[in-house]
Structures are given as structure tokens and as C-alpha cells.
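Below is one structure, written out as C-alpha cells; the observations come after it.
The values are calculated or read from the model by the stated rules, or taken from the named source; none is laboratory data. The structure presented is a predicted model; accordingly, all values stated were derived computationally and were not measured. No Cβ is skipped: glycine too gets one built from the backbone with ideal geometry, and neighbour counts run over all protein chains shown.
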Ligand code: FE2
Ligand code: FE2
């Protein structure tokens, strides 16, 4: 069973960002499925690596858009990204050194973070870009 179900409620009104969020949701779901199936740490570690890599790529995309569209909320939004990256890298390090397992608590944290960040911060960014685009087509 999927940990996160994508629905239109998660859309931020921006195709590029939505497409990346769907992929991120798929990776979080894959990580959850491997964990729930009790798969080997080596397999779980690889999915974790992919999720972290893709997250970094996704944050870069959003941060480029923030600059391109002069987003006033960029400062706080970037801090949220940075905190998650630090947390994820710490998780990865502790998992690889055998200090911890990927548990349902870890998965619930990732799910909640992603859902809240998308529903709040990314939606504000998506709205800002949509308004900026609408203005530039009117002008
Ligand atoms: Fe974001
Ligand atoms: Fe995002």
C-alpha cells in the first residue's frame, strides 16, 4: 500500500514542479514498500540514495524558479529545504553506518514533511509563479 497517494489537492499549479513532486512521492512510496517488505539494507540504501539525490535536484529546480520569478518568500523557503537536506543526509549517514533502521516513524516523518511543505510552501511559490506569468502575458 502506498504511503502517500497523489491527488490534485497536492498540485501547486505548476506543471514542472508537480511532475517532480509526483516522482518524489513515488520514491518515498518505494522506500516505504521496501521497508515494509523487510528488504535487505543494501536495497533500501539504494532507494534512499536515489530519493536524496532527486530531492536535491528538485530543490535546485524550485530555487532557480524563485530567482527567475523574484519570489519574495525565497529566504524562508530555502531554509526549509536546507533543514530537510541536513536531516536526510544525517539519516543516510546513520543508516549506512548501521546505527539505525528505516522505520515507520522515519517514513511518517518524510511523508508529513513532504505533504506539509508541498501544501503550504510550494503552493505559495506555485501561486507566485502563476501570477507572474499571467502578468507577463497581459503586458
Ligand atoms: Fe519547496
Ligand atoms: Fe517541492
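Which one of these is within 12 Å of ligand 2 (Cβ to nearest atom) and either assigned to a helix (DSSP H, G or I) or in contact with a helix residue (DSSP H, G or I) (Cβ under 8 Å, 6 or more places away or on another chain) (or both): 76, 91, 124?
Values: 76 fails: within 12 Å of ligand 2 (Cβ to nearest atom); 91 fails: within 12 Å of ligand 2 (Cβ to nearest atom).
One residue alone meets the criteria, 124.
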Quiz item: Could you say whether any residue in region 41-57 is within 16 Å of ligand 1 (Cβ to nearest atom), assigned to a loop (DSSP other than H, G, I, E, B) and in contact (Cβ under 8 Å) with a residue 40 or more places away in the chain?
Solution: no
Quiz prompt | Check on residue 68, more than 13 Å from ligand 1 (Cβ to nearest atom) and at pLDDT 95 or above | solution = yes
Exercise. Filter region 2-17 down to residues that are without any contact (Cβ under 8 Å) to a residue 60 or more places away in the chain and in a helix (DSSP H, G or I) and give me whichever is farthest from ligand 2 (Cβ to nearest atom).
Key: 8
Quiz item: Is region 68-78 home to any residue that is at positive phi and more than 11 Å from the chain's Cα centre (by Cα)?
Solution: yes
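One line per residue, one yes/no per condition, for (1) modelled with pLDDT of 95 or more; (2) surrounded by 15 or more Cβ atoms within 10 Å (Cβ to Cβ); (3) over 14 Å from residue 118 (Cβ atoms):
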| site | (1), (2), (3) |
| --- | --- |
| 17 | yes, yes, no |
| 28 | yes, yes, no |
| 37 | yes, no, yes |
| 64 | yes, no, yes |
| 81 | yes, yes, no |
| 95 | yes, yes, yes |
